[in-house]
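Student: Below are the structure tokens for one structure; questions will follow.
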Amino acid sequence: MSVVAAVRGFRPRSFNRNVRSFYLYGLSINAGMTLYWLLYNLYLLRLSYQEDFIGQVAGMAPLATALLALPTGVLSDRLGRRPFLIASGLLLALSQVGLCLSTASIDLLAFSFVGGVANAFIWVNHVPFLSDNAHPSRRAEAIVVWSAVQIVVRMLLSLVGGFLPGAMAWFLGTSTEVPEPFRLALLLGAACSLISVVPLLRIRGQPHAAPVQERGPDEGEDPRRPRGVFAVVAATAGMRGFSMGLTYPFFNVFFEEELHIGPAAIGAVFFLSHLVGLPFTFSVPALVRRFGATLTILASRAASGGAVGIMGAFITLPVALPMFLLARAGEVIDIPADQHFTTQVLPRRYWARVQSIRVCGFQLLAFLGSLAGGVLILEYGYLLVFGLAGLSRTASGLAMAAWFGMRSDRAAP
């Protein structure tokens with residue numbers, strides 16, 4: 001199946017009302033998060049904070065997400081996904097407003113933690129929500145469309161967001177070397193996060209798709225197997241999270257401080273990374289059918305891990321740009337393939353639990369990676385930090401392949 005054919009095959013409007021409302025929610029909340037991810041660390045630089053404190057602020061969100069992931073999964077199974085999704089938009093907007101209007105270090109850490117609570121509500125519930133509300137035959141498509149929604153929004157907002165500080169500086173009669181233009185741009189992102197609540201109000205009930213036939217333990221399922229899968233998911237997600245914590249909070253700082261490009265150019269780089277990643281997102285179901293989930297995930301993590309390591313070894317724009325694009329392409333293949341894979345190897349009753357475990361493992365190690373990354377960058381530079389990140393990401397793919405095998409029949413969507 002070609003990428004063009006895959007794109008033509010997706011029909012978001014043919015999903016039911018709940019799924020369509022969730023995609024509208026995704027448009028708005030991802031717009032708010034994108035402006036924050038793109039501009040906030042550059043804003044902190046203009047408040048005279050350095051990479052060590054930037055790593056601490058970045059680490060508070062995954063710490064909160066890790067602590068809240070498991071209880072969120074349990075409660076959302078009982079209360080439904082909708083209350084948590086609504087709360088995510090409200091809390092994220094509150095967090096972003098506080099991060100923009102406060103300058104004291106303790107306040108910034110606290111508001112970042114609140115944002116992490118919102119992230120827990122989003123990342124624990126998005127796969128179970130789509131899996132519950134989409135027909136089983138279209139479950140993989142629903143997850144991939146969600147990934148595509150994120151990429152398209154991040155792509156467009158990265159391009160526009162890169163120019164926002166300059167536009168705000170012109171409006172204020174100042175320059176982009178001071179924090180005020182960034183603050184106004186970030187407040188626009190907070191407004192987008194708040195607006196995301198509106199489409200969720202259209203969701204009524206949670207009609208489950210046609211039930212999936214599941215085996216019970218007395219029908220041949222090894223009761224120990226879910227625990228083994230949980231352990232592998234937690235371990236591999238943790239390795240991925242450590243890699244992301246070492247790198248993702250610092251990419252925009254890396255481009256500005258090491259490669260000496262401004263916010264507009266950084267936005268253009270992020271735009272290109274999402275543009276390159278978009279066709280790869282739509283190709284995920286075909287790749288998994290052709291090569292199996294574990295081989296697809298291993299290849300994507302090895303490619304993205306190697307690219308990140310090369311970025312740290314050769315700090316020049318001609319090297320950093322293609323490697324950053326390659327790292328992004330590997331990431332957008334990896335995430336939906338991994339998420340759908342766990343819905344195939346575990347019965348429905350474990351989906352929310354395994355998603356909670358994945359989020360908890362990923363975010364806890366991302367917290368540690370962010371703290372370590374900021375300190376190590378100041379002490380040793382980007383070679384060590386990006387090299388460790390590349391090794392950790394590749395190791396997560398190897399561990400998954402070792403447990404499930406390179407070609408598992410259970411991996412086919």
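Student: What value, in deg cm²/dmol to 500, does the helix sum -39500 (n - 2.57) over DSSP H runs of n ≥ 4 give at 222 nm once divided by the residues of the chain?
Tutor: Computed mean residue ellipticity for the chain: -27000 deg cm²/dmol.
Student: Ok, one more. Provide the net charge surrounding Val359, with neighbours chosen by a C-beta distance below 13 Å and charges set as Lys +1, Arg +1, Asp -1, Glu -1.
Tutor: It works out to a net charge of +2.
Student: Over the chain, with a Gaussian network built from C-alpha contacts below 10 Å, which listed residue (Phe163, Phe255, Phe15) shows the highest mean-square fluctuation?
Tutor: In this elastic network of the chain, the residue with the biggest mean-square fluctuation among Phe163, Phe255, Phe15 is Phe15.
Student: Also, quick follow-up: So what is log10(I(q)/I(0)) for the range 250-397 at q = 0.09, 0.10, 0.15 1/Å, when the Debye sum runs over its Cα atoms only?
Tutor: -0.32, -0.39, -0.85
Student: I need the shape label for the range 102-172. Rule: rounded when a/c is under 1.5, else prolate if a/b > b/c, else oblate, with a, b, c from the alpha carbon gyration tensor.
Tutor: oblate
Student: When the Debye formula is applied to the Cα atoms of the range 298-340, each taken as the same point scatterer, what base-10 log of I(q)/I(0) results at q = 0.27, 0.29, 0.31, 0.35 Å⁻¹?
Tutor: Log10 of I(q)/I(0), two decimals: -0.82, -0.90, -0.97, -1.12.
Student: Volume per residue, Å³, of the convex hull around the alpha-carbon atoms of the range 70-202?
Tutor: Considering the Cα atoms of the range 70-202, their hull volume per residue is 117 Å³.
Student: Related question: Show me the ranking of peptides 366-374, 286-294 by mean Cβ neighbours inside 10 Å, starting with the highest.
Tutor: In descending order of packing, they fall as 366-374, 286-294.
Student: Within the accessible area of the chain, what % is carbon and sulfur when the probe is 1.4 Å and the other protein chains stay in place?
Tutor: The nonpolar share, carbon plus sulfur, comes to 68 percent.
Student: Any idea what the dipole of the chain comes to, in debye rounded to 20, about its Cα centre with Lys/Arg Cβ at +1 and Asp/Glu Cβ at -1?
Tutor: Taking the Cα centre of the chain as origin, the dipole is about 1680 debye.
Student: First select every other residue whose beta carbon is under 14 angstrom from the beta carbon of Leu35; then total the charges, Lys and Arg +1, Asp and Glu -1.
Tutor: +2
Student: Rounded, prolate or oblate for the range 250-321? Axes are the square roots of the Cα gyration tensor eigenvalues, ordered a ≥ b ≥ c, and the cut-off for rounded is a/c under 1.5.
Tutor: oblate
Student: Within the chain, which DSSP H helices have Cα atoms that stretch 27 Å or more along the helix axis and a mean Kyte-Doolittle hydropathy of at least 0.0?
Tutor: Those that pass (Cα extent of 27 Å or more, hydropathy at least 0.0) are 17-46, 51-79, 82-101, 105-133, 139-172, 225-247, 263-282, 293-313, 317-345, 351-380, 382-404.
Student: Now for a different question. Determine, for each peptide in 295-301, 164-170, 356-362, the mean count of other beta carbons within 10 angstrom over its residues, then list the peptides with the highest first.
Tutor: 356-362, 295-301, 164-170
Student: Quick one: net charge around Thr72, please, counting Lys, Arg +1 and Asp, Glu -1 for every other residue with C-beta under 12 Å from its C-beta.
Tutor: Once positives and negatives cancel, what remains is +2.
Student: Once you sort the root eigenvalues of the Cα gyration tensor of the range 23-75 as a ≥ b ≥ c, which label holds: rounded (a/c under 1.5), prolate (a/b larger than b/c) or oblate (the other case)?
Tutor: Judged from the Cα gyration tensor, the range 23-75 comes out oblate (a/c at least 1.5, b/c at or above a/b).
Student: Give, to the nearest whole percent, the P(r) tail of the chain beyond 39 angstrom, counting all Cα pairs.
Tutor: Counting every Cα pair in the chain, those more than 39 Å apart make up 13 percent.
Student: Compute the accessible area per residue over the chain, keeping the other protein chains in place, probe 1.4 Å, unit Å².
Tutor: Each residue of the chain exposes 39 Å² on average to a 1.4 Å probe.
The values are calculated or read from the model by the stated rules, or taken from the named source; none is laboratory data. As the structure is a prediction and not an experimental result, all values here were calculated from the model. Reconstructed Cβ throughout: ideal geometry from the backbone, glycine too, with neighbour counts over all protein chains shown. Note: accessible area is taken over every heavy atom of the protein model, side chains too, but ligands, DNA and RNA are not part of it. Shrake-Rupley method; radii C 1.70, N 1.55, O 1.52, S 1.80 Å.
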